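> Input: one structure, supplied below.
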Amino acid sequence: MSWEHRPEIFKDFIDAFSETDFRVIVGGYLNTQTQFYIPSVRTFLKIFSKDIEDHHHLYLKLFTSQSILIKNGIIELTEIGENEDAGMMDKIIRVAPKYQTFLMGGDTPTLDHEVDFPARLHQSKLHFNDVVLSNETKKNIKPLERLLRVRPKLKELYEIKKRVSTNHIVVFSGSPGTGKTLTATTLGQKYNMDTYVLDLSRVLSRYVGDFEKAMEKVFDRLDGQNCILFIDEADSIFTKRNEQVNEAKDKYSNQEMSYLLQRLERFDGVVILASNVQDIRMHVDKAMMRRISYIIEFPFPLVGERLQLWEKSLPENFTFKDNCISEIANNFQLSGANVSSIVSELLIEAVDNEITEIPREMIESGIKKEFLKRDSRFMVCPDQSPGPLLVEQRLGRAAVHNGRRM
C-alpha cells in the first residue's frame with residue numbers, strides 16, 4: 001500500500017531501476033507515466049528475507065492460496081498493464097480497498113468485503129425471540145442452539161474437539177415466507193455469529209469449472225470462522241447424481257455434486273441449507289443426506305402463530321382498530337413474509353394519512369394485493385378448510401396442480 005500512498009519511500013529504487021542486475025534481483029516495475037516505482041512479490045521477499053530459507057518460508061506463509069492474507073482477500077496479487085504472463089514472483093501486491101480504509105482508521109471489514117464475493121452478510125433488526133415459530137419447530141431447533149452455544153468452547157477442548165465433527169450441516173425445510181432465513185440470521189446474532197447468505201446467481205454458471213471456483217472461494221474464506229453459511233434453495237445445487245450419464249451436462253452435474261460432498265467433508269463450520277421442496281430426502285443425493293446433522297421443518301403458520309405475527313408487527317403507538325386481527329388471523333392464510341409485506345405498506349399509508357389506528361378495510365386491501373401476487377383468491381379460509389383450498393390460499397392456484405408443499 002505504501003507505494004501507492006507514499007511513493008517517495010522508493011526513491012532509491014527508482015534511481016537503481018535502470019541497472020539490469022537490480023531489475024533481475026529486486027524486480028518491480030517503473031510506471032512510465034508517473035515514474036513511480038511499483039514493488040512486486042520479488043521485491044517484498046528481497047527486502048524482508050534474511051536468507052534463501054527465510055525467502056521460501058515467507059513466500060509460503062504470505063503468498064500461496066492457503067495464506068490468511070490471500071484467503072481473506074486482504075491482499076490481491078495482480079498483473080500490471082499487459083503483463084498477463086507474469087509469474088507469481090512478478091505480480092504486484094495490492095491491499096484490498098476495504099482494508100486500506102481499515103488501516104487508516106476505518107471499520108473492520110466483513111468477510112464479504114469484496115464486491116464479487118459470492119456470499120453476502122445478512123443482518124436483521126429483530127432478535128431470535130421475536131421470530132414466530134411453531135412449538136414443534138422451536139423444540140427441533142434446540143439441538144442446533146446447543147451446537148452454536150458449545151462450538152466456541154470446543155476450540156479449547158482438544159481431546160473432545162478431535163472426536164467431534166468440524167462440519168455441521170442443517171436443513172431448514174418449509175414453504176416460502178415461513179422464516180427460514182430470518183431464523184438463521186437471528187440465531188447467528190444470538191450466538192455472536194455472522195450469517196452469510198450464498199448468492200446462487202454468482203456461483204451457478206454455464207462454464208465448466210466456474211461453479212467449483214466460486215464455491216471454493218466461499219469455503220476457503222468462511223472455513224474456521226465464527227459464522228454460518230446459509231444456502232437458500234439448496235436443493236437446486238445438492239441434487240442427486242445421475243447414475244446413467246447420457247449427456248455432458250449430466251457428467252458435469254455429477255462432478256459438481258462430488259466436489260460439494262468432498263469440500264463439505266473438509267469444511268470447518270456450520271452450513272444451513274434451506275429448501276422449499278416437500279421432502280428434501282427425495283431430491284438430495286444420499287451421500288449428502290448422510291452428512292446432514294438435523295432436518296428442521298418450518299410449517300405454514302396456523303391461526304395461533306398468525307395472530308402472534310400480527311400482534312408483533314406494529315411499532316409502538318400504532319394499533320389495529322377494534323382488535324380486528326383475531327378474526328383476520330383466523331380467516332386468511334398468510335405467512336410471516338406476507339404479514340411483513342402488508343404491514344410495511346400499511347405503515348406508509350398510515351403515516352401519509354396521519355393516523356395511528358389502522359382500520360380493517362386498510363388491512364384487507366393489503367391482503368388482496370398480497371393474494372394477487374401469489375395468484376390466490378381473496379376469500380375466508382380457516383385452518384379447517386379442505387386441503388386443496390388451503391394449498392391454493394397459501395401458495396397460489398398453480399401449486400394445487402404441481403403438488404407443491406404447504
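The values are calculated or read from the model by the stated rules, or taken from the named source; none is laboratory data. Note that the structure is a prediction, hence the values are computed from the model and not measured. All Cβ positions, even for glycine, are placed from backbone atoms using ideal geometry, and neighbour counts span all protein chains on display.
> Looking at Ser65, is it of a type in the set (Gly, Ala, Ser), free of Cβ contacts under 8 Å to residues at least 12 places away in the same chain and in a loop (DSSP other than H, G, I, E, B)?
Details: of a type in the set (Gly, Ala, Ser): yes; free of Cβ contacts under 8 Å to residues at least 12 places away in the same chain: no; in a loop (DSSP other than H, G, I, E, B): yes.
For Ser65, the condition - of a type in the set (Gly, Ala, Ser), free of Cβ contacts under 8 Å to residues at least 12 places away in the same chain and in a loop (DSSP other than H, G, I, E, B) - is not met.
> What residue, among those in the stretch 314-339 that are small (Gly, Ala, Ser) and either buried (at least 16 other Cβ atoms within 10 Å of the Cβ) or assigned by TED's automatic domain parsing to the domain that holds Leu273 (or both), is farthest from the chain's Cα centre (by Cα)? First the steps, then the outcome.
Initial filter on the stretch 314-339 (small (Gly, Ala, Ser)): 326, 329, 335-337.
Okay, now just the ones that are also either buried (at least 16 other Cβ atoms within 10 Å of the Cβ) or assigned by TED's automatic domain parsing to the domain that holds Leu273 (or both), so 329, 335-337.
Details: Ala329: 32, Ser335: 23, Gly336: 21, Ala337: 19 Å.
In this case the residue turns out to be Ala329.
> Which is charged (D, E, K, R), buried (at least 17 other Cβ atoms within 10 Å of the Cβ) and within 22 Å of Asp130 (Cα to Cα), of Glu297, Glu305, Glu311? Show your work before the answer.
Working: Glu297 fails: buried (at least 17 other Cβ atoms within 10 Å of the Cβ); Glu311 fails: buried (at least 17 other Cβ atoms within 10 Å of the Cβ).
That would be Glu305, the only listed residue that is charged (D, E, K, R), buried (at least 17 other Cβ atoms within 10 Å of the Cβ) and within 22 Å of Asp130 (Cα to Cα).
> Let me ask something additional. Do we have Leu200 as closer than 30 Å to Leu133 by Cα and either touching a Leu at 6+ places or on another chain (Cβ under 9 Å) or at pLDDT 80 or above (or both) here? I'd like the intermediate steps shown before the answer.
On the way: closer than 30 Å to Leu133 by Cα: yes; either touching a Leu at 6+ places or on another chain (Cβ under 9 Å) or at pLDDT 80 or above (or both): yes.
Spelling it out, Leu200 is indeed closer than 30 Å to Leu133 by Cα and either touching a Leu at 6+ places or on another chain (Cβ under 9 Å) or at pLDDT 80 or above (or both).
> Got at least one residue in the stretch 79-89 being crowded, with 18+ Cβ neighbours inside 10 Å, assigned to a helix (DSSP H, G or I) and modelled with pLDDT of 85 or more?
Within the stretch 79-89 (the criterion being crowded, with 18+ Cβ neighbours inside 10 Å, assigned to a helix (DSSP H, G or I) and modelled with pLDDT of 85 or more), the answer is no, since none of the residues qualifies.
> Across the stretch 262-293, which residue is surrounded by the fewest Cβ atoms within 10 Å (Cβ to Cβ) among those that are at pLDDT below 80 and part of a loop (DSSP other than H, G, I, E, B)?
Selected residue: Asp279.
> While we're here: Of Asp279, Asp285, which residue is more than 23 Å from Asn135 (Cβ to Cβ) and of a type in the set (D, E, K, R)? Even if it seems obvious, please write down each step before you answer.
Working: Asp279 fails: more than 23 Å from Asn135 (Cβ to Cβ).
When all the criteria are applied, what remains is Asp285.
> Hey, among Ile9, Ile68, which residue is aliphatic (A, V, I, L, M) and under 25 Å from Leu222 (Cα atoms)? Explain how you work it out, then say what you get.
Details: Ile9 fails: under 25 Å from Leu222 (Cα atoms).
Residue meeting the stated conditions: Ile68.
> Also: Which one of the conditions (1) assigned by TED's automatic domain parsing to the domain that holds Asn192; (2) small (Gly, Ala, Ser); (3) free of Cβ contacts under 8 Å to residues at least 24 places away in the same chain does Ser293 fail to meet, given that it meets all the rest?
(3)
> Would you check which residues across the stretch 1-31 are in a helix (DSSP H, G or I), charged (D, E, K, R) and over 44 Å from the mean Cα position of the chain (by Cα) and list them? Walk me through how you get there before you give the answer.
Step one: filter the stretch 1-31 for residues in a helix (DSSP H, G or I), giving 2-5, 7-16, 20-26.
Still in the list and also charged (D, E, K, R): 4, 8, 11-12, 15, 21, 23.
Within the stretch 1-31, Lys11, Asp12, Asp15, Asp21, Arg23 meet the criteria.
> Taking only the stretch 199-221 into account, find how many residues are under 15 Å from Leu121 (Cα atoms) and part of a loop (DSSP other than H, G, I, E, B).
So the answer is 1.
> Can Glu316 be described as in a loop (DSSP other than H, G, I, E, B) and over 30 Å from Gln384 (Cβ atoms)? Spell out the reasoning first.
On the way: in a loop (DSSP other than H, G, I, E, B): yes; over 30 Å from Gln384 (Cβ atoms): yes.
Yes, satisfied.
> Okay, next question. What pairs can you find where one residue is in the stretch 6-20 and outside the structural domain of Thr43 (by TED's automatic domain parsing), the other is surrounded by 14 or more Cβ atoms within 10 Å (Cβ to Cβ) and in a loop (DSSP other than H, G, I, E, B), and their Cβ atoms are less than 9 Å apart, with a gap of 6+ or different chains?
none
> Please specify each residue of the stretch 294-313 satisfying the condition of being in a strand (DSSP E or B) and either in contact with a Phe, Trp or Tyr (Cβ under 8 Å, 6 or more places away or on another chain) or on the phi > 0 side of the Ramachandran plot (or both). I'd like the intermediate steps shown before the answer.
Within the stretch 294-313, the subset in a strand (DSSP E or B) is 294-298.
Hits for the stretch 294-313 are Ile296, Phe298.
> From the set of residues in the stretch 107-161 that are basic (Lys, Arg) and farther than 23 Å from Asp268 by Cα, which is nearest to the chain's Cα centre (by Cα)?
Filtering the stretch 107-161 for residues basic (Lys, Arg) gives 120, 125, 138-139, 142, 146, 149, 151, 153, 155, 161.
Still in the list and also farther than 23 Å from Asp268 by Cα: 125, 138-139.
Details: Lys125: 17, Lys138: 23, Lys139: 25 Å.
Out of the qualifying residues, it is Lys125.
> Here's something else I'd like to know. Would you mind finding the one in Thr239, Thr195 that is closer than 25 Å to Pro299 by Cα, at pLDDT below 85 and in contact with a His (Cβ under 7 Å, 6 or more places away or on another chain)?
Numbers: Thr195 fails: at pLDDT below 85.
When all the criteria are applied, what remains is Thr239.
> Can you find, within the stretch 354-404, the residue that is farthest from Val303 (Cα to Cα) among those that are in contact with a strand residue (DSSP E or B) (Cβ under 9 Å, 6 or more places away or on another chain) and β-branched (Val, Ile, Thr)? So that I can check it myself, show each step before the final result.
Here is the first cut: in the stretch 354-404, the residues in contact with a strand residue (DSSP E or B) (Cβ under 9 Å, 6 or more places away or on another chain) are 356-360, 363.
From what is left, the residues that are β-branched (Val, Ile, Thr) are 356, 358, 363.
Details: Thr356: 25, Ile358: 21, Ile363: 17 Å.
Here the residue is Thr356.
> With the checklist (1) touching a Pro at 6+ places or on another chain (Cβ under 9 Å); (2) within 23 Å of Arg23 (Cβ to Cβ) in hand, flag the one item Tyr59 doesn't pass.
(1)
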